[in-house]
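The block underneath contains the structure these notes are about, expressed in C-alpha coordinates.
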Amino acid sequence: MLAEPDFVKKAEEARYDEIAPCAACGVGCVGEQTKRHPATCVINPIAGRELEFEFTQAEDIKNIVVVGAGIGGLAAARILAKRGHHVLVLEKEKKAGGQLNLACRPPFKQEISKWVVYLLNECARYGVEIRYETEATSAMIEELRPQIVILATGAKPFLLPIEGKETMVLANDVLNGDVNIPSGNVAIIGGGMVGMEMVGMETAEYILHHARGNASVTLIEMMDTIGQGMVPNNLVPTMKRFKQEGVQMITSAKVKSIQEGTITVETKQGEIQYSGFTHVICAAGSTSWNPLYEEVKDKQETYVIGDANGVAQALEAVRAAYELGYKL
(Lines give C-alpha, C1' and ligand atoms only; values in the text may rest on other atoms or scores of the structure.)
Protein backbone atom coordinates (compact mmCIF):
# COMPACT_ATOMS: atom_id res chain seq x y z
CA MET A 1 0.00 0.00 0.00
CA LEU A 2 2.97 2.33 0.42
CA ALA A 3 4.11 1.52 -3.10
CA GLU A 4 0.60 1.84 -4.54
CA PRO A 5 -2.10 3.57 -2.45
CA ASP A 6 -4.63 2.97 -5.27
CA PHE A 7 -3.90 -0.76 -5.44
CA VAL A 8 -7.49 -1.87 -4.78
CA LYS A 9 -9.05 0.64 -7.16
CA LYS A 10 -6.66 -0.18 -10.00
CA ALA A 11 -7.11 -3.92 -9.47
CA GLU A 12 -10.89 -3.56 -9.44
CA GLU A 13 -10.69 -1.67 -12.74
CA ALA A 14 -8.26 -4.25 -14.21
CA ARG A 15 -5.52 -1.61 -14.60
CA TYR A 16 -2.89 -4.09 -13.51
CA ASP A 17 0.02 -2.58 -15.47
CA GLU A 18 -0.53 0.72 -13.66
CA ILE A 19 0.00 -0.77 -10.21
CA ALA A 20 3.35 0.33 -8.78
CA PRO A 21 5.03 -2.88 -7.54
CA CYS A 22 6.59 -3.51 -4.15
CA ALA A 23 9.91 -5.27 -4.73
CA ALA A 24 10.44 -6.18 -1.05
CA CYS A 25 13.61 -4.04 -0.88
CA GLY A 26 12.67 -2.60 2.53
CA VAL A 27 14.75 0.53 1.86
CA GLY A 28 12.01 3.14 2.11
CA CYS A 29 9.68 1.51 4.62
CA VAL A 30 11.80 -0.47 7.08
CA GLY A 31 15.12 1.21 6.31
CA GLU A 32 13.94 4.79 6.82
CA GLN A 33 12.24 3.89 10.09
CA THR A 34 15.42 2.29 11.44
CA LYS A 35 17.03 5.72 10.83
CA ARG A 36 14.16 7.35 12.79
CA HIS A 37 12.79 8.86 9.57
CA PRO A 38 9.15 8.61 8.44
CA ALA A 39 8.48 5.54 6.32
CA THR A 40 8.31 6.03 2.57
CA CYS A 41 8.87 3.89 -0.57
CA VAL A 42 11.50 3.69 -3.30
CA ILE A 43 8.99 3.38 -6.12
CA ASN A 44 6.64 5.94 -4.51
CA PRO A 45 8.80 8.43 -2.59
CA ILE A 46 5.91 10.85 -2.06
CA ALA A 47 4.37 8.33 0.35
CA GLY A 48 3.94 10.30 3.55
CA ARG A 49 4.42 13.60 1.67
CA GLU A 50 1.19 13.64 -0.32
CA LEU A 51 0.20 17.15 0.76
CA GLU A 52 3.49 18.48 -0.60
CA PHE A 53 2.95 16.90 -4.01
CA GLU A 54 -0.58 17.61 -5.16
CA PHE A 55 -0.68 16.60 -8.82
CA THR A 56 -1.31 19.36 -11.38
CA GLN A 57 -0.83 19.57 -15.12
CA ALA A 58 2.08 21.75 -16.21
CA GLU A 59 1.01 25.23 -17.32
CA ASP A 60 4.08 25.80 -19.52
CA ILE A 61 4.64 22.70 -21.66
CA LYS A 62 8.35 22.18 -22.41
CA ASN A 63 10.56 19.92 -24.48
CA ILE A 64 12.78 17.98 -22.07
CA VAL A 65 15.70 15.64 -22.73
CA VAL A 66 16.60 13.09 -20.06
CA VAL A 67 20.03 11.47 -20.41
CA GLY A 68 20.03 8.01 -18.87
CA ALA A 69 17.27 5.42 -18.49
CA GLY A 70 18.11 4.15 -15.03
CA ILE A 71 15.51 4.26 -12.29
CA GLY A 72 16.08 7.97 -11.68
CA GLY A 73 15.87 8.94 -15.33
CA LEU A 74 12.78 6.82 -15.96
CA ALA A 75 11.03 8.15 -12.84
CA ALA A 76 11.73 11.73 -13.92
CA ALA A 77 10.54 11.04 -17.48
CA ARG A 78 7.35 9.44 -16.19
CA ILE A 79 6.23 12.26 -13.90
CA LEU A 80 7.22 14.99 -16.37
CA ALA A 81 5.30 13.34 -19.20
CA LYS A 82 2.34 12.70 -16.90
CA ARG A 83 2.23 16.44 -16.21
CA GLY A 84 2.14 17.14 -19.95
CA HIS A 85 5.75 17.84 -20.95
CA HIS A 86 7.28 16.37 -24.09
CA VAL A 87 10.03 14.02 -22.92
CA LEU A 88 12.82 12.28 -24.83
CA VAL A 89 15.14 9.83 -23.03
CA LEU A 90 18.59 9.04 -24.44
CA GLU A 91 20.08 5.74 -23.26
CA LYS A 92 23.48 4.47 -24.41
CA GLU A 93 22.75 0.79 -23.60
CA LYS A 94 20.42 -1.61 -25.40
CA LYS A 95 17.93 -1.60 -22.55
CA ALA A 96 16.73 0.53 -19.67
CA GLY A 97 17.34 -0.08 -15.98
CA GLY A 98 20.92 0.99 -15.32
CA GLN A 99 22.23 -0.38 -12.01
CA LEU A 100 18.96 -2.22 -11.36
CA ASN A 101 19.90 -4.68 -14.10
CA LEU A 102 22.76 -5.76 -11.83
CA ALA A 103 20.83 -5.45 -8.58
CA CYS A 104 18.30 -8.07 -9.72
CA ARG A 105 20.90 -10.63 -10.85
CA PRO A 106 21.71 -12.26 -7.49
CA PRO A 107 19.33 -14.89 -6.07
CA PHE A 108 16.40 -13.59 -4.05
CA LYS A 109 16.61 -10.16 -5.74
CA GLN A 110 14.71 -10.76 -8.98
CA GLU A 111 11.66 -8.80 -7.86
CA ILE A 112 13.60 -5.54 -8.23
CA SER A 113 13.24 -5.92 -12.00
CA LYS A 114 9.53 -5.16 -11.55
CA TRP A 115 10.41 -1.50 -11.07
CA VAL A 116 11.90 -1.24 -14.55
CA VAL A 117 8.93 -3.00 -16.16
CA TYR A 118 6.51 -0.69 -14.34
CA LEU A 119 8.36 2.52 -15.22
CA LEU A 120 8.71 1.53 -18.87
CA ASN A 121 4.98 0.80 -19.07
CA GLU A 122 4.24 4.14 -17.44
CA CYS A 123 6.58 6.02 -19.76
CA ALA A 124 4.93 4.41 -22.79
CA ARG A 125 1.49 5.26 -21.41
CA TYR A 126 2.37 8.94 -21.10
CA GLY A 127 4.14 9.21 -24.44
CA VAL A 128 7.81 9.25 -23.44
CA GLU A 129 10.16 8.50 -26.33
CA ILE A 130 13.21 6.38 -25.43
CA ARG A 131 16.14 6.08 -27.85
CA TYR A 132 18.37 3.13 -27.03
CA GLU A 133 22.01 2.64 -28.06
CA THR A 134 22.29 6.42 -28.20
CA GLU A 135 25.16 7.94 -26.27
CA ALA A 136 24.32 11.57 -25.70
CA THR A 137 26.78 14.30 -26.63
CA SER A 138 26.54 18.04 -26.13
CA ALA A 139 26.25 18.50 -29.92
CA MET A 140 23.38 15.98 -30.08
CA ILE A 141 21.54 17.67 -27.23
CA GLU A 142 22.02 21.09 -28.80
CA GLU A 143 20.63 19.80 -32.08
CA LEU A 144 17.50 18.52 -30.28
CA ARG A 145 16.95 22.04 -28.86
CA PRO A 146 15.38 21.07 -25.54
CA GLN A 147 14.36 23.74 -23.08
CA ILE A 148 15.47 21.55 -20.18
CA VAL A 149 18.12 18.84 -19.86
CA ILE A 150 18.12 16.30 -17.01
CA LEU A 151 21.31 14.33 -16.54
CA ALA A 152 20.75 10.92 -14.92
CA THR A 153 23.92 9.24 -16.17
CA GLY A 154 24.57 7.26 -12.99
CA ALA A 155 27.89 6.07 -11.58
CA LYS A 156 30.81 3.84 -12.46
CA PRO A 157 32.58 1.34 -10.18
CA PHE A 158 36.25 1.88 -9.43
CA LEU A 159 39.21 -0.31 -8.56
CA LEU A 160 40.90 0.36 -5.26
CA PRO A 161 44.14 2.27 -5.88
CA ILE A 162 46.37 -0.35 -4.29
CA GLU A 163 49.37 -2.43 -5.28
CA GLY A 164 48.18 -5.34 -7.40
CA LYS A 165 44.90 -3.73 -8.44
CA GLU A 166 45.40 -5.01 -11.99
CA THR A 167 44.76 -8.56 -10.74
CA MET A 168 41.30 -7.68 -9.44
CA VAL A 169 38.02 -7.84 -11.34
CA LEU A 170 35.02 -5.62 -10.73
CA ALA A 171 31.96 -7.05 -9.02
CA ASN A 172 29.80 -5.47 -11.73
CA ASP A 173 31.62 -7.52 -14.37
CA VAL A 174 30.82 -10.70 -12.45
CA LEU A 175 27.16 -9.78 -12.01
CA ASN A 176 26.66 -8.83 -15.65
CA GLY A 177 28.26 -12.07 -16.86
CA ASP A 178 31.43 -10.62 -18.41
CA VAL A 179 33.56 -12.54 -15.88
CA ASN A 180 32.65 -16.15 -15.13
CA ILE A 181 33.77 -17.74 -11.83
CA PRO A 182 32.49 -21.34 -11.76
CA SER A 183 34.70 -22.40 -8.84
CA GLY A 184 37.68 -21.42 -6.71
CA ASN A 185 38.63 -19.60 -3.54
CA VAL A 186 37.22 -16.11 -4.01
CA ALA A 187 37.99 -12.95 -2.05
CA ILE A 188 35.56 -10.05 -2.30
CA ILE A 189 36.76 -6.67 -1.11
CA GLY A 190 33.81 -4.66 0.19
CA GLY A 191 30.82 -5.81 2.21
CA GLY A 192 28.75 -2.66 2.64
CA MET A 193 26.23 -0.58 0.73
CA VAL A 194 27.28 0.76 -2.67
CA GLY A 195 24.49 2.83 -4.14
CA MET A 196 21.41 0.62 -4.41
CA GLU A 197 23.26 -2.62 -3.87
CA MET A 198 25.12 -4.52 -1.21
CA VAL A 199 27.46 -5.32 -4.09
CA GLY A 200 29.97 -7.47 -2.24
CA MET A 201 27.35 -9.55 -0.45
CA GLU A 202 25.24 -9.93 -3.57
CA THR A 203 28.27 -10.96 -5.61
CA ALA A 204 29.06 -13.59 -2.98
CA GLU A 205 25.55 -15.02 -3.24
CA TYR A 206 25.68 -14.88 -7.04
CA ILE A 207 28.96 -16.82 -7.18
CA LEU A 208 27.82 -19.48 -4.70
CA HIS A 209 24.47 -19.87 -6.47
CA HIS A 210 26.05 -20.34 -9.92
CA ALA A 211 29.08 -22.41 -8.86
CA ARG A 212 29.76 -25.52 -10.93
CA GLY A 213 32.57 -26.81 -8.73
CA ASN A 214 33.94 -26.20 -5.25
CA ALA A 215 33.58 -22.52 -4.47
CA SER A 216 34.37 -20.67 -1.27
CA VAL A 217 34.00 -16.96 -0.55
CA THR A 218 35.73 -14.57 1.84
CA LEU A 219 34.35 -11.07 2.38
CA ILE A 220 36.83 -8.39 3.46
CA GLU A 221 35.33 -5.17 4.83
CA MET A 222 37.11 -2.13 6.27
CA MET A 223 34.16 -1.21 8.52
CA ASP A 224 33.42 -3.00 11.78
CA THR A 225 30.44 -4.93 10.41
CA ILE A 226 29.40 -6.70 7.22
CA GLY A 227 26.20 -5.41 5.62
CA GLN A 228 26.29 -1.91 7.06
CA GLY A 229 23.35 -0.01 5.58
CA MET A 230 21.36 -3.13 4.69
CA VAL A 231 17.83 -3.23 6.10
CA PRO A 232 17.31 -5.84 8.85
CA ASN A 233 14.64 -7.84 7.03
CA ASN A 234 17.16 -8.55 4.25
CA LEU A 235 20.34 -8.63 6.34
CA VAL A 236 19.19 -11.38 8.73
CA PRO A 237 18.31 -14.02 6.10
CA THR A 238 21.41 -13.13 4.09
CA MET A 239 23.69 -13.68 7.07
CA LYS A 240 21.90 -16.94 7.78
CA ARG A 241 22.61 -18.13 4.23
CA PHE A 242 26.25 -17.03 4.55
CA LYS A 243 26.60 -19.14 7.69
CA GLN A 244 25.11 -22.15 5.91
CA GLU A 245 27.47 -21.67 2.94
CA GLY A 246 30.54 -21.16 5.13
CA VAL A 247 31.29 -17.64 3.94
CA GLN A 248 34.25 -16.17 5.82
CA MET A 249 33.82 -12.56 6.94
CA ILE A 250 36.78 -10.37 7.85
CA THR A 251 35.95 -6.93 9.24
CA SER A 252 37.94 -3.85 10.33
CA ALA A 253 40.46 -4.74 7.64
CA LYS A 254 41.77 -2.23 5.10
CA VAL A 255 43.31 -3.88 2.06
CA LYS A 256 46.85 -2.66 1.37
CA SER A 257 48.06 -4.88 -1.47
CA ILE A 258 47.43 -8.01 -3.54
CA GLN A 259 50.17 -10.30 -4.81
CA GLU A 260 49.76 -13.74 -6.39
CA GLY A 261 46.57 -14.58 -4.52
CA THR A 262 47.77 -13.15 -1.22
CA ILE A 263 45.96 -10.16 0.26
CA THR A 264 47.66 -7.96 2.85
CA VAL A 265 45.31 -6.04 5.13
CA GLU A 266 45.84 -3.45 7.83
CA THR A 267 43.99 -4.08 11.09
CA LYS A 268 44.04 -2.72 14.62
CA GLN A 269 46.44 -5.54 15.47
CA GLY A 270 48.77 -4.70 12.58
CA GLU A 271 49.25 -6.16 9.09
CA ILE A 272 47.81 -9.61 8.36
CA GLN A 273 48.11 -11.70 5.20
CA TYR A 274 45.45 -14.02 3.76
CA SER A 275 46.56 -16.29 0.95
CA GLY A 276 45.37 -18.93 -1.48
CA PHE A 277 42.81 -16.89 -3.41
CA THR A 278 42.14 -17.80 -7.03
CA HIS A 279 40.06 -14.67 -7.70
CA VAL A 280 39.94 -11.23 -6.08
CA ILE A 281 36.85 -9.11 -6.70
CA CYS A 282 36.54 -5.40 -5.98
CA ALA A 283 33.17 -4.25 -4.65
CA ALA A 284 34.43 -1.23 -2.79
CA GLY A 285 32.54 1.68 -4.30
CA SER A 286 31.41 3.80 -7.21
CA THR A 287 31.96 7.33 -8.43
CA SER A 288 29.46 9.65 -10.07
CA TRP A 289 29.54 9.58 -13.87
CA ASN A 290 28.52 12.96 -15.23
CA PRO A 291 30.61 13.89 -18.27
CA LEU A 292 28.10 16.25 -19.90
CA TYR A 293 27.27 18.79 -17.22
CA GLU A 294 30.09 21.25 -17.90
CA GLU A 295 29.38 21.07 -21.65
CA VAL A 296 25.64 21.72 -21.50
CA LYS A 297 24.98 23.75 -18.34
CA ASP A 298 25.53 27.11 -20.06
CA LYS A 299 23.51 26.18 -23.14
CA GLN A 300 20.35 24.71 -21.62
CA GLU A 301 18.61 24.76 -18.26
CA THR A 302 20.26 21.69 -16.73
CA TYR A 303 19.58 19.49 -13.70
CA VAL A 304 21.52 16.50 -12.35
CA ILE A 305 19.80 13.70 -10.43
CA GLY A 306 20.56 10.26 -9.05
CA ASP A 307 24.06 8.82 -8.80
CA ALA A 308 25.30 11.37 -11.33
CA ASN A 309 24.74 13.98 -8.63
CA GLY A 310 26.20 11.85 -5.82
CA VAL A 311 26.25 8.11 -5.25
CA ALA A 312 23.29 7.13 -3.08
CA GLN A 313 20.43 4.64 -2.93
CA ALA A 314 17.60 4.29 -5.43
CA LEU A 315 15.33 5.97 -2.89
CA GLU A 316 17.27 9.22 -3.23
CA ALA A 317 17.36 8.96 -7.04
CA VAL A 318 13.61 8.52 -7.42
CA ARG A 319 12.88 11.09 -4.72
CA ALA A 320 14.99 13.66 -6.59
CA ALA A 321 13.21 12.72 -9.82
CA TYR A 322 9.77 13.28 -8.28
CA GLU A 323 10.76 16.55 -6.63
CA LEU A 324 12.11 17.87 -9.92
CA GLY A 325 9.17 16.50 -11.90
CA TYR A 326 6.64 18.32 -9.73
CA LYS A 327 8.72 21.52 -9.81
CA LEU A 328 9.18 21.98 -13.57
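The values are calculated or read from the model by the stated rules, or taken from the named source; none is laboratory data. This one's a predicted model, so the numbers in the text were calculated from it and none came from an experiment. Cβ: placed from backbone, ideal geometry, glycine included. Neighbour counts: every protein chain shown. We work out accessible area using only protein heavy atoms, side chains counted, and drop any ligands, DNA or RNA first. Shrake-Rupley method; radii C 1.70, N 1.55, O 1.52, S 1.80 Å.
Quick notes on this structure:
- Within the range 1-72, GluC sites (Glu not before Pro) in DSSP loop having at most 16 other beta-carbon neighbours inside 10 Å: Glu13, Glu54, Glu59
- Surface exposure of the chain, expressed per residue as accessible area with a 1.4 Å probe, stands at 49 Å².
- Rounded to the nearest whole Hz, the Karplus-based 3J(HN,Hα) values (6.51 cos²θ - 1.76 cosθ + 1.60, θ = phi - 60°) of the range 145-151 follow the sequence 6, x, 7, 9, 10, 10, 9, with x at glycine and proline.
- Nearest 10 degrees, 0 to 90: helix 113-125 Cα axis against the chain principal axis: 20
- Compared with the dominant principal axis of the Cα atoms in the chain, helix 232-245 is inclined by about 30°.
- Taken along the Cα-to-beta-carbon direction at a fixed 7 Å, the label points for Thr56 and Asn121 span 3.1 nm.
- The calculated FRET efficiency for Glu18 paired with Leu159, based on their beta-carbon distance and R0 = 45 Å, is about 0.60.
- Paramagnetic label zone (point 7 Å from Cα along Cα-to-C-beta, Gln259; backbone N under 14 Å) in the range 156-175: 163-165
- Loop-resident sites, the range 205-289, for trypsin sites (Lys or Arg not before Pro), counting at most 10 other Cβ within 10 Å (DSSP): Arg212, Lys268
- Kirkwood Rh and Cα Rg combined as Rg over Rh, evaluated for the chain: 1.01
- Toward the positive end of the charge dipole of the chain, with +1 on the Cβ of Lys and Arg and -1 on the Cβ of Asp and Glu, the farthest Cα among Leu88, Gln269, Leu144 is that of Gln269.
- Inverse of mean 1/r across different Cα pairs in the range 8-73, Kirkwood, Å: 14.8
- Rounded to the nearest 10 degrees, the angle from helix 314-327 to the longest Cα principal axis of the chain is 20 degrees.
- In this structure, the residue pairs whose Cα-Cα separation is over 30 Å, taken from Lys114/Lys297; Lys10/Lys95; Lys95/Lys297, are Lys114/Lys297.
- Amide H to amide H distances under 5 Å link Lys256 with Thr264, Val265, Glu266, where only residues 5 or more positions off or on other chains count and H is placed in the peptide plane.
- Accessible surface of the range 59-114, 1.4 Å probe, proportion on carbon and sulfur as whole %: 48
- When you filter the GluC sites (Glu not before Pro) in the range 168-275 for DSSP loop state and at most 11 other Cβ atoms inside 10 Å of their Cβ, you are left with Glu260.
- Rounded if a/c under 1.5, otherwise prolate or oblate - the range 200-316, Cα gyration tensor axes: prolate
- Ranked from largest, the principal axis spans of the Cα set of the range 146-266 equal 56, 37, 32 Å.
- Residue-averaged [θ]222 nm for the chain, counting only DSSP H segments that reach four residues, each worth -39500 (n - 2.57): -8000 deg cm²/dmol
- Cα gyration tensor, the range 78-118 - rounded (a/c under 1.5), prolate or oblate: oblate
- The range 141-187 shape via C-alpha gyration tensor axes, a/c threshold 1.5: prolate
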